[in-house]
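Quick notes on the structure that follows.
The values are calculated or read from the model by the stated rules, or taken from the named source; none is laboratory data. Just so you know, these numbers come straight off a predicted model, no measurement behind them. Here the Cβ is made from the backbone with ideal geometry for all residues, glycine too, and neighbour counts use every protein chain on show. Heavy atoms of the whole protein, side chains included, go into the accessibility calculation; ligands, DNA and RNA do not. Shrake-Rupley method; radii C 1.70, N 1.55, O 1.52, S 1.80 Å.
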Amino acid sequence: MRAFTQHQGIVAPMDRSNVDTDMIIPKQFLKSIKRTGFGPNLFDELRYLDEGKPDQDCSNRPLNPDFVLNQQRYKSASVLLARTNFGCGSSREHAPWALDDYGFRVIIAPSFADIFYNNCFKNGLLPIVLEEEVVDKLFRETEETEGYQLTVDLETKTVITPSGESFSFEVDDFRRHCLLNGLDDIGVTLEDAETIRAYESSRRKTAPWLFNAGN
Amino acid sequence: MAGKTLYDKLWDDHLVKQRDDGSALIYIDRQLLHEVTSPQAFEGLRLAGRKPWRVDANIATPDHNVPTTDRDKGIDGIVDPVSRTQVETLDKNCDEFGILEFKIKDQRQGIVHVIGPEQGATLPGMSIVCGDSHTSTHGAFGCLAHGIGTSEVEHVLATQCLVQKKMKNMLVRVNGTLGTGVTGKDVVLAIIGKIGTAGGTGYAIEFGGEAIRGLSMEGRMTICNMSIEAGARVGMVGVDDTTIEYVKGRPFSPEGETWDKAVEYWRTLHTDDDAVFDKVVELDGAAIQPQVSWGTSPEMVVGVDSAVPDPEKEADPIKREGIVRALKYMGLQPNQKITDIKLDRVFIGSCTNSRIEDLREAAAVVKGRKVAAGLKQAMVVPGSGLVKAQAEREGLDKVFIEAGLEWRDPGCSMCLAMNADKLGQGEHCASTSNRNFEGRQGFGGRTHLVSPAMAAAAAVTGHFIDVRELLN
């Protein structure tokens, strides 16, 4: 996995709550058997005026001029500012894959849905929870200042604004450790293979029905 | 010391290692696989040169992409080449790694969350995962079951463990008895309406109370299924006679002495009387009306006797804007009566409501009636080949067909429209599925979530109606 230590980038404001993963990447694009290539279809139904199809060249599709990511000033955004319960609904990891493929590295919101939040960390994408008032303030500053950038430091767990104001955020130690070092967490778990085997053989004795291969 | 909740017990029984940093390794007894969220996981295994840790813990089936017609053609019946590749990839991966798969032509094929319980592959007390958020369904059996992403599918394949942090405990207690025509679906929609789509975020929800105890396993599965729509990855119900009765005699269920030993353990899978929950929510079961969602989030739901809300009456500006946006998308007016919403299609199916009891409830309503003239389509999609066969033994297929509903083959179908079954732009659908998100059932489609009985009532009248008026 790609490591994440520090990132500075343009902020795009996604001003709606309960953004679900169907909205982030609609179902027709889930038919791919790859992890990459979802960027052009990120927010497909909001971003384009027509219905998107898999494997389609998106460069000539009609864009929805009202959609935030279609505005010139947010074209190279890599930090997504969002509202409550971002990423709710389906567990599809295609959602963080699409955000990543588009070029986002950080998502900031007052709250995230559990599965989506978890999926981000597996893909070098950092979801940051900040207080609602702070997020409101960042929305205001982003909209007021073209080219508004934020700096995110995972080492110190801080978000720094252009004026030097700094907000700290929480992140689990294990997730932070894996992200900072770009660790493959399967490899980390397999360091405990002996412990897993011991648990398993004890369960085989006490609960043999869990190992029934069917009749 | 206070007693343990059901979730505490399941957590402790599956804890392989508690790490110093607060994370833990949880052992996974069963993984269910389908074609959409597994190909990248298998590819990951191959690239890293890894093998599945315990092959027999996995069961696979294609469900999201499968057509619900022409199934005698097998994989050749899948017209869309991209869908077909995904199903073929699942077959290839399962063959290569030796994983049991109910392939497209197998009668045991079906929606993963229907076939697990049907096969007894879902047993009380198990930890179960699947790359699908509706895995919470299996919590109805007193299981620790949750949806995971594809990276975690690969992690479980490779290690039989999941890295987790313990969640908080929430009890949703539904008191009293449910009225006639009020089902598990109405209960869970009412719960989501009350606590909101983020109300359960960070919690494992246990559903309890007299109304839940009185439900069949099908009803309990419907409720646990939609825990995720309340924000909770995990939903569950304690084990009782209803659970044990359901599990008995299924292909993967234990027998003889092992059965007795298992039952003895399963009887312990309930919350202790003196256990303490972090949060408790109570509902009066007798007050729950048949529910209909009007908006683009499952929390946007009301009783069938109510009206579409008026955004002017909402004080919170973000919520108000959400209502305005939803009404625009849904093509509805503020204060419009729910029973005045006209429908284009009706869908009875999905992992929420495609089991035999659901089909029986729908058939009871349409029996002797006809699909309303203005409707473009009303379809019934059983959850598995075995559900379909059972329904046909009971003559339910004839009831549906005589009433003018289409009787299809099993799969996820129009719940998420990854196959050919979908809504057209602007069409209103009474759907027994679980999500009414924008575009979920087709580009520009408008979904109203209801119970099978309510969907059936809508099919024969062409608009929403309190199903109890037809049952009397």
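Please work out the average accessible area per residue across region A:105-194, using the 1.4 Å probe convention, and give it in Å². Walk me through the intermediate numbers first.
On the way: 3720 Å² over 90 residues.
Per-residue value: 41 Å².
Label region A:1-121 by shape, choosing from rounded, prolate and oblate, from the square roots a ≥ b ≥ c of the eigenvalues of the Cα gyration tensor; if a/c is under 1.5 it is rounded, and otherwise prolate applies when a/b is larger than b/c, oblate when it is not.
Rounded shape, in that the Cα axes give a/c under 1.5.
Using amide H atoms built 1.01 Å from N in the peptide plane, name the residues 5+ places from B:Gly439, or on other chains, whose amide H lies under 5 Å from its own.
Hits under the 5 Å cutoff: B:Gly444, B:Gly445.
Output ³J(HN,Hα) for region B:17-23: one whole-Hz value per residue in order, computed from phi by the Karplus curve 6.51 cos²θ - 1.76 cosθ + 1.60 with θ = phi - 60°, and x for Gly and Pro.
Listing the rounded values in order: 7, 9, 8, 5, 7, x, 7 Hz.
Which of the GluC sites (Glu not before Pro) found in region B:234-310 are in a DSSP loop and have at most 11 neighbouring Cβ atoms, other than their own, within 10 Å? Please report the intermediate quantities before stating the final value.
Working: sites: B:Glu245, B:Glu255, B:Glu257, B:Glu264, B:Glu282, B:Glu299; in loops: B:Glu255, B:Glu299.
The qualifying sites: there are none.
Give me the log10 of I(q) over I(0) for region B:32-177 at q = 0.09, 0.12 Å⁻¹, as the Debye formula computes it from C-alpha points; what are the numbers?
Taking Cα atoms of region B:32-177 as identical point scatterers yields -0.30, -0.52.
Compute the accessible area of each residue in region B:221-238 twice, once for its chain alone and once with every protein chain present, using a 1.4 Å probe on heavy atoms, and list those whose area falls by at least 30 Å².
Flagged in region B:221-238: B:Arg233.
Give me the distance in nm between label points sitting 7 Å out from Cα along the Cα-to-Cβ direction at B:Asp305 and A:Ser202, one decimal.
Inter-label distance under the simple model: 5.5 nm.
Mean Kyte-Doolittle hydropathy of -1.0 or higher plus an axial Cα length of 18 Å or more: which whole DSSP H helices in chain B meet both? The partial results should precede the final answer.
Values: long enough: B:81-97 (24 Å, -0.92); B:317-330 (19 Å, -0.21).
Result, helices passing both filters: B:81-97, B:317-330.
How much accessible area per residue does region B:3-64 have, counting only protein heavy atoms and a probe of 1.4 Å, in square angstrom? Write down the numbers at each step before the final one.
Values: 1730 Å² over 62 residues.
On a per-residue basis, 28 Å².
Scan region A:124-180 for trypsin sites (Lys or Arg not before Pro) in coil per DSSP, keeping those whose Cβ has at most 16 other Cβ atoms within 10 Å, and list them by number.
Taking region A:124-180 and a limit of 16 other Cβ atoms within 10 Å, the loop trypsin sites (Lys or Arg not before Pro) found are A:Lys157.
Find which of B:Trp259, A:Leu81, B:Pro452 sits farthest along the positive direction of the dipole of the protein assembly as shown, computed with +1 on the beta-carbon of Lys and Arg, -1 on that of Asp and Glu, about the Cα centre.
About the Cα centre, the residue reaching furthest to the positive side is B:Pro452.
With a 1.4 Å probe and all protein chains left in place, how much accessible area per residue does region B:277-375 have, in Å²?
For region B:277-375, the solvent-accessible area averages 44 Å² per residue.
Could you grab the relative contact order for chain B? Cα pairs under 8 Å, six or more apart, rounded to a whole percent.
The normalised contact order for chain B reaches 17 percent.
Hey, what angle do you get for helix A:193-206 against the long axis of chain A, alpha-carbon based, 0 to 90 degrees rounded to 10?
For helix A:193-206, the angle is close to 60 degrees.
Can you say what percent of the DSSP beta bridges in the protein assembly as shown, counting only those with both residues inside, are antiparallel? Round to 5.
Details: 25 of 77 bridges.
The antiparallel fraction comes to roughly 30 percent.
Taking H as built 1.01 Å from N, whose amide H comes closer than 5 Å to the amide H of B:Gly147, not counting residues under 5 places away?
B:Thr135, B:Ser136
Sorted from largest to smallest, which semi-axis lengths in Å does the alpha carbon gyration tensor of chain A give for its equivalent ellipsoid, taking the root of 5 times each eigenvalue?
Whole-Å semi-axes of the equivalent ellipsoid: 35, 24, 15.
Could you tell me which trypsin sites (Lys or Arg not before Pro) in region B:373-417 are loop residues by DSSP with no more than 15 other beta carbons within 10 angstrom of their beta carbon?
Details: sites: B:Lys376, B:Lys388, B:Arg393, B:Lys398, B:Arg408; in loops: B:Lys376, B:Arg408.
Qualifying residues, ordered by number: B:Lys376.
Solvent-accessible area of A:Ile107, probe 1.4 Å, all protein chains present, reported in Å² to the nearest ten, please.
About 0 Å², ignoring ligands and nucleic acids.
How much of B:Val399 can a 1.4 Å solvent probe reach, expressed as accessible area in Å² and rounded to 10?
30 Å²
Using the Cα centre of region B:273-394 as origin and beta-carbon charges of +1 (Lys, Arg) and -1 (Asp, Glu), tell me which of B:Gln377, B:Val302, B:Tyr329 is placed farthest towards the positive end of the dipole.
The one lying farthest along the dipole's positive direction is B:Gln377.
Return the value, in Å² to the nearest 100, of accessible area buried between chains B and A (probe 1.4 Å, both sides summed). Write out the running numbers ahead of the final one.
On the way: alone 18200 and 11720 Å², together 23920 Å².
The B and A chains share an interface burying roughly 6000 Å².
Counting only protein heavy atoms and a 1.4 Å probe, tell me what percentage of the protein assembly as shown's accessible area is made up of carbon and sulfur.
For the protein assembly as shown, the apolar C and S fraction of the accessible surface comes to 48 percent.
Got a number for the accessible area of B:Ser216? Probe 1.4 Å, square angstrom, nearest 10.
Only protein atoms counted, so the area is about 30 Å².
Nothing charged except the Cβ atoms of Lys and Arg (+1) and of Asp and Glu (-1): what's the magnitude of the dipole of chain A about its Cα centre? Round to the nearest 20 debye.
800 debye
Suppose we look only past 34 Å in the calculated P(r) of chain B. What percent of the Cα-Cα pairs does that tail hold?
31 percent
What relative contact order, as a whole-number percentage, does region B:123-177 give when Cα pairs under 8 Å and 6 or more residues apart are counted?
That works out to 27 percent.
Is the protein assembly as shown best put as rounded, prolate or oblate by its Cα gyration tensor, with a ≥ b ≥ c the root eigenvalues, rounded for a/c under 1.5, and otherwise prolate when a/b is larger than b/c, oblate when not?
rounded
Work out the charge dipole of chain B with +1 on the Cβ of Lys and Arg and -1 on the Cβ of Asp and Glu about the Cα centre, then indicate which of B:Leu171, B:Pro39, B:Gly49 is farthest towards its positive end.
B:Pro39
Which positions within region A:17-42 get 20 Å² or more of their accessible surface covered by the other protein chains, compared to the chain by itself, with a 1.4 angstrom probe?
Residues of region A:17-42 that lose at least 20 Å² of accessible area once the other chains are added: A:Ser17, A:Asn18, A:Asp20, A:Asp22, A:Lys27, A:Leu30, A:Lys31, A:Ile33, A:Arg35.
Indicate the residues belonging to region B:80-122 that lose 50 Å² or more of solvent-accessible heavy-atom surface (probe 1.4 Å) upon moving from the chain alone to the assembly of all protein chains, ignoring ligands and nucleic acids.
Residues of region B:80-122 that lose at least 50 Å² of accessible area once the other chains are added: B:Val82.
Provide B:Thr242, A:Thr161, A:Thr156 ordered by accessible surface of protein heavy atoms (probe 1.4 Å), highest first.
Heavy-atom accessible area, descending, gives A:Thr156, B:Thr242, A:Thr161.
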